[in-house]
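Asker: Got a structure here, written out as structure tokens. Questions coming.
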Amino acid sequence: TNQYDHAQVQEFWQYVWERDGVAELPDGAVDPTYVLGMFPYTSGTLHMGHVRNYAITDAYARYRRLRGDDVLHPMGWDAFGLPAENAAYERASDPESWTRACIRRMREELETLGFGYDWSREITTCDPSYYRWNQWLFKRFHEAGLVEFTGATVNWCPDCETVLADAQVVLEEPGSERDSAVGDGTDDGTAAGGDGDDGTHDHTTARVCWRCATPVEQRELDQWFFTITDYADELVDGLDDLEQWPEGVREIQRNWIGRQEGARLTFDVSTAADESETAVDVFSTRPETVFGATFVAISPEHDLASELASADEDVATFVDQARTSAPDTGHAARDDFSTAGIETDATAENPLTGEEVPVYVAEYVLADVGTGAVMGVPGHNERDSEFAQAHDLPIETVVAPDGDGTTKSSDVAFTDAPITAEGTLVLESTSHSEYDGQPSEDVRDHLVDDHEAIDPDVTYRLRDWLISRQRYWGTPIPVVHCEDCGHVLVPDEELPVELPEFVQTTGNPLDAAEEWKQTSCPDCGGPAERETDTMDTFVDSSWYFLRFLSPDLADAPFDTELANEWLPIDVYVGGDEHAILHLLYIRFVTRALADLGFLDRREPVERLVSQGTVLYEGEKMSSSSGNVVTPDEYGAETTRLFVLSAAHPEQDFEWTANDVRGAYDLQQTLYSMATAFVDEGETRVERAGHDEFIDREIDRTIVAARTEFERFRFHRVVTEVQELAGLLRQYRGYDRIHGEVYRRGLLTIAALISPLAPHLGEELWNKLRGDGLVVEADWPVLESDPATIESEYQRERQLVETTRADVRDILDVASIDDPAQIDLVVAEPWKYEVATRLTTSTGEADGDSVAEA
Ligand code: ANZ
Ligand code: ZN
């Protein structure tokens, strides 16, 4: 029949691909194109976020193959993590069997979708043959001074007597359902599972244990860290060279690292109680505003706060309460701060003016930012200003905004809003009138040069990477604690330190695994205990892309020579929720490995595609919100075609049954065109004038599709294919077709659609040619002179781009920034006309009317 039986077609071609190993990287491949999707966390089943991610990488990988490249397109499993442990408790089973079952199911789903992976390179992070290399990495980092063991604050449930991951801390709002405090990698789609320990928290809600609802406390525990902050400068500076990364992601990383240049100023402090003298260092990005400092504020965790608390009960109460109410973190939202604070009986001496100002303990001063202390300059800083108003502190203005060189101090009127801009110092008739009227930037430089109490300083928001987890389902940290020798690293020959059998307990199962825990010291042979912390799962995903190069290598995590040849990853695709942690960690680990001599490359990813979210009635599709559309409902091919044609990869899009139907219909149409042509076969042999035109349009489509594939504009590839199909239908209706021209048109369609809808591609190819595979085909050849077609196409694109830019300008005025609407306007010039007329007649168009028009 002419009906396209998608289930049968899928099964057949999948069988053939596997039989012929078409997705495997050929032996002896030289510098293959490395296309990688962030590997999935083994949560149980694929959701639309995964499907979209892997449809994008598969389409690109298949496109590169068609272009003649050797392509490395592997897949693996991010298999450690808390959800597996939780599932084990719920089902009275163990994390390993749960994880293995998930992997089986998910692999089957990936195969059903026809994704072309080189399964001979499959890796699973919970295999000892994989995680031994995490331990190796830990040891090499340790040798290089990149590992620290130091105190850190953790969430502690006093009832369960156990450490809680942030994901195990729930926010209890009065009268509301419990909700997980932060994402825990259970439903974030792809990659790099992780534990979501990003340190965000909320002041307004109680943080309670997920199991027993007891309020969570903060405790200080010794923990293992990777000192990623050693690389802070390199990691920011390197962003400038990542030209093929979305600017949005680079900006997020810049903010996350949060490098700030400024100065450290020393204030001498005297406490009334015992007349003792100490000093407090503050960090400021605007040291020249020191002339307007009207107080000093220190964080509740500051040493001086403890000292002052011991002499003053009110201060003690405040400090205690502030310390337990929120985790200590520099990653808290800084716009949403508290003005809570308490005055102490200490005073601080302004190093420039000699003025004595009060010292406060304030919640808005973060312990791990700068020095944990600030000079309060309410005239020029927002937070200081709000704090000053809440505590009735004086507000002084010492910088006048630029634009008026003649401003005198008396002219600068006080307004509620602080002046945060640079400007001119206003210090007339003060002890520092030498700076009066000078630009703030200049004064800043002078102060740093001239004064002993002011030194240049840089701070970062980035913290060291806390890799300790007090949980079972992760990589054991390869350390033993010996009473005599202290921490001793497990010798390389004894790696991997394998996980013991899983036991259900209240705390960390590794603590309960006595037999496993008791060991002997590798140095002195005396009794010792194993470290029971396991590694953050982000360690597993921080180097997995290297393992894919030589997944079976037994004596090293990866082959240096191969890595130097094959890296960087040419295209890396994943969800935009990984903009920081995962994508920062792989950059850090790559650099550290380079410094250790294991790699030449310092950046792992050449081109990053950050995919948008799949929405379903406006909500993110995820397993936790229960609105997952499982791929088989519509057939694999329809799903792939739809997710690729719905929007630019970076854009969010809405899953709607109607659009899915459109993707299905396109397959039917193309299939029946091919069958009708093959079955009827009424064609011409002699060439007519309009055949030339069709030939040229076919060529134009080939060139256009190549450009769109390179830009990941798969939806435009689909449009190009649809347009060509429409033209061929017209051609056929107009006259008897020229057999070879028409066949070339259909074969071109088969080839161009095959990276997106590979089963359909094979089916069309097979119908039209009777043999061979489109996956093994070459990129379609142009009939006419390539240079001519190319330049014609470039001209056409230029025109579209110019129009697009014009339209964008107009829409900008009308404040429309939705790319879909821009496309709409460009696609239909009359709308462009309307938009133009609207802006020229009203000067400024009304956004809604343009959109409606
Ligand atoms: C005085 C000053 C005056 C500042 C001025 C800024 C502007 P932003 O503001 O985000 O650029 N700061 C320093 N350490 C802090 C801590 N531990 N907790 C909270 N705030 C802290 O960040 C830089 C400013 O953050 C620093 O510069 C300091 O306030 C504040 F007109 O010092 B500034
Ligand atoms: Zn020992």
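The values are calculated or read from the model by the stated rules, or taken from the named source; none is laboratory data. Fair warning: this is a prediction, and the values are worked out from it, not measured in the lab. Here the Cβ positions follow ideal geometry from the backbone for every residue, glycine too, while neighbour counts run over all protein chains shown.
Each row is one residue, and each column tells you yes or no for (1) within 16 Å of ligand 2 (Cβ to nearest atom); (2) in a loop (DSSP other than H, G, I, E, B); (3) touching a residue at least 40 places away in the same chain (Cβ under 8 Å); (4) under 19 Å from Asp281 (Cβ atoms).
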{"residue": "Pro351", "(1), (2), (3), (4)": "no, yes, yes, yes"}
{"residue": "Val357", "(1), (2), (3), (4)": "no, no, yes, yes"}
{"residue": "Val361", "(1), (2), (3), (4)": "no, no, yes, yes"}
{"residue": "Val374", "(1), (2), (3), (4)": "no, no, yes, yes"}
{"residue": "Pro378", "(1), (2), (3), (4)": "no, yes, yes, no"}
{"residue": "Glu386", "(1), (2), (3), (4)": "no, no, yes, no"}
{"residue": "Asp392", "(1), (2), (3), (4)": "no, yes, no, no"}
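Asker: Which residues, taken from segment 228-259, are assigned to a helix (DSSP H, G or I), in contact with a strand residue (DSSP E or B) (Cβ under 8 Å, 6 or more places away or on another chain) and of a type in the set (A, V, I, L, M)? I'd like the intermediate steps shown before the answer.
Answerer: Kept after step one, since they are assigned to a helix (DSSP H, G or I), are these residues of segment 228-259: 228-241, 247-257.
Retained after the next criterion (residues that are in contact with a strand residue (DSSP E or B) (Cβ under 8 Å, 6 or more places away or on another chain)): 228, 248-249.
Once the filter is applied, which keeps residues that are assigned to a helix (DSSP H, G or I), in contact with a strand residue (DSSP E or B) (Cβ under 8 Å, 6 or more places away or on another chain) and of a type in the set (A, V, I, L, M), segment 228-259 yields Ile228, Val249.
Asker: So if I check each of Asp555, Asp600, which one is in contact with a Leu (Cβ under 9 Å, 6 or more places away or on another chain) and either away from ligand 1 (no atom under 16 Å from the Cβ) or closer than 26 Å to Cys209 by Cβ (or both)?
Answerer: On inspection, the qualifying residue turns out to be Asp600.
Asker: Output the qualifying pairs, or none if there are none: Cβ atoms under 8 angstrom, residues six or more apart or on different chains, first residue in segment 513-525 and within 11 Å of ligand 2 (Cβ to nearest atom), second residue part of a loop (DSSP other than H, G, I, E, B).
Answerer: Ser520/Gly526; Cys521/Asp484; Cys521/Cys485; Pro522/Val490; Pro522/Pro491; Asp523/Cys485; Cys524/Asp484; Cys524/Cys485
Asker: Pick from segment 107-149 the residues that are modelled with pLDDT of 95 or more and among the hydroxyl-bearing types (Ser, Thr, Tyr): which of them is farthest from Pro478 (Cα to Cα)?
Answerer: Tyr117
Asker: To continue, here is another question. For Gly199, all conditions in the list (1) modelled with pLDDT under 90; (2) crowded, with 19+ Cβ neighbours inside 10 Å hold save one; what is the number of the exception?
Answerer: Only one criterion in (1) modelled with pLDDT under 90; (2) crowded, with 19+ Cβ neighbours inside 10 Å is unmet by Gly199, namely (2).
Asker: If you don't mind, there's one more thing I want to ask. Looking only at segment 262-284, filter to residues that are modelled with pLDDT of 95 or more and hydroxyl-bearing (Ser, Thr, Tyr); which one of those is nearest to Ala390 (Cα to Cα)?
Answerer: Ser284
Asker: May I pose another question? Out of the residues in segment 317-338 that are crowded, with 16+ Cβ neighbours inside 10 Å and part of a helix (DSSP H, G or I), which is modelled with the lowest pLDDT?
Answerer: It comes out as Ser325.
Asker: Any residue at all in segment 454-464 that's buried (at least 17 other Cβ atoms within 10 Å of the Cβ), under 36 Å from the mean Cα position of the chain (by Cα), in a helix (DSSP H, G or I) and more than 16 Å from ligand 1 (Cβ to nearest atom)?
Answerer: no
Asker: It is to be established whether one or more residues within segment 45-55 are of a type in the set (Lys, Arg), closer than 28 Å to Thr638 by Cβ, at pLDDT 95 or above and in a helix (DSSP H, G or I). Don't jump to the end; show me each part of the working.
Answerer: Within segment 45-55, the first condition is being of a type in the set (Lys, Arg), and the residues that meet it are 52.
Then drop every residue that is not closer than 28 Å to Thr638 by Cβ, which leaves 52.
Next, only the ones that are at pLDDT 95 or above stay: none.
Scanning segment 45-55, I find no residue that is of a type in the set (Lys, Arg), closer than 28 Å to Thr638 by Cβ, at pLDDT 95 or above and in a helix (DSSP H, G or I), so the answer is no.
Asker: Identify the residue in segment 527-540 that is among the polar types (S, T, N, Q) and out of contact with any helix residue (DSSP H, G or I) (no Cβ under 6 Å at 6 or more places or on another chain) and, among all such residues, is nearest to ligand 1 (Cβ to nearest atom).
Answerer: Thr537
Asker: Related question: Can you name the number of the only condition in (1) more than 27 Å from Glu148 (Cβ to Cβ); (2) in contact with a Ser or Thr (Cβ under 9 Å, 6 or more places away or on another chain); (3) surrounded by fewer than 18 Cβ atoms within 10 Å (Cβ to Cβ); (4) among the acidic types (Asp, Glu) that Asp570 fails?
Answerer: For Asp570, the exception is condition (3).
Asker: Of everything in segment 689-739, what is among the charged types (D, E, K, R) and within 40 Å of the chain's Cα centre (by Cα)? Give them in sequence order.
Answerer: Across segment 689-739, the qualifying residues are Asp699, Arg700, Arg706, Glu708, Glu710, Arg711, Arg713, Arg716, Glu720, Glu723.
Asker: Within segment 352-396, track down each residue that is closer than 18 Å to Val269 by Cβ and near ligand 1 (Cβ under 6 Å from one of its atoms).
Answerer: Correct list: Val365, Gly370, Gly372, Val374, Met375, Val377.
Asker: Another question, if that's okay. Kindly evaluate Gly114 against the criterion of being at positive phi, touching a residue at least 60 places away in the same chain (Cβ under 8 Å) and touching a Ser or Thr at 6+ places or on another chain (Cβ under 7 Å).
Answerer: Answer is no for this residue.
Asker: Consider Trp13 against the criteria (1) closer than 17 Å to Asp118 by Cα; (2) part of a loop (DSSP other than H, G, I, E, B): it satisfies all of them except one. Which criterion is unmet?
Answerer: That leaves (2) as the condition not met.
Asker: Okay, next question. Just to confirm my filter: which helices (runs of 4 or more DSSP H) fall fully inside segment 485-572 and include at least 2 residues that are closer than 30 Å to Thr33 by Cα? Don't jump to the end; show me each part of the working.
Answerer: Working: elements: 509-512, 514-517, 537-540, 544-547, 560-566.
In segment 485-572, 537-540, 544-547, 560-566 are the helices (runs of 4 or more DSSP H) which contain 2 or more residues that are closer than 30 Å to Thr33 by Cα.
Asker: Check Pro74 against each of (1) within 23 Å of Leu36 (Cα to Cα); (2) assigned to a helix (DSSP H, G or I); (3) modelled with pLDDT of 95 or more and name the one condition it does not meet.
Answerer: Pro74 satisfies all of (1) within 23 Å of Leu36 (Cα to Cα); (2) assigned to a helix (DSSP H, G or I); (3) modelled with pLDDT of 95 or more except (2).
Asker: Quick one: which residue in Ala84, Ala88 is surrounded by 20 or more Cβ atoms within 10 Å (Cβ to Cβ) and over 25 Å from the mean Cα position of the chain (by Cα)?
Answerer: Ala88
Asker: Could you check segment 335-381 and list, in sequence order, the residues that are under 36 Å from the mean Cα position of the chain (by Cα) and among the aromatic types (Phe, Trp, Tyr)?
Answerer: Passing the criteria: Phe337, Tyr364.
Asker: Still on this structure, I have one more. Criterion first (among the small types (Gly, Ala, Ser) and under 20 Å from Asn134 (Cα atoms)) does Ala594 satisfy it?
Answerer: On the way: among the small types (Gly, Ala, Ser): yes; under 20 Å from Asn134 (Cα atoms): yes.
Taking the combined requirement at face value, the residue satisfies it.
Asker: Then there's this: Among (1) surrounded by 21 or more Cβ atoms within 10 Å (Cβ to Cβ); (2) within 30 Å of Asp595 (Cα to Cα), which single condition is Tyr117 missing?
Answerer: Failing condition for Tyr117: (2).
Asker: Return the only residue of Leu727, Leu768, Leu752 being in contact (Cβ under 8 Å) with a residue 12 or more places away in the chain, closer than 12 Å to Tyr63 by Cα and not hydroxyl-bearing (Ser, Thr, Tyr).
Answerer: So the residue among Leu727, Leu768, Leu752 that is in contact (Cβ under 8 Å) with a residue 12 or more places away in the chain, closer than 12 Å to Tyr63 by Cα and not hydroxyl-bearing (Ser, Thr, Tyr) is Leu752.
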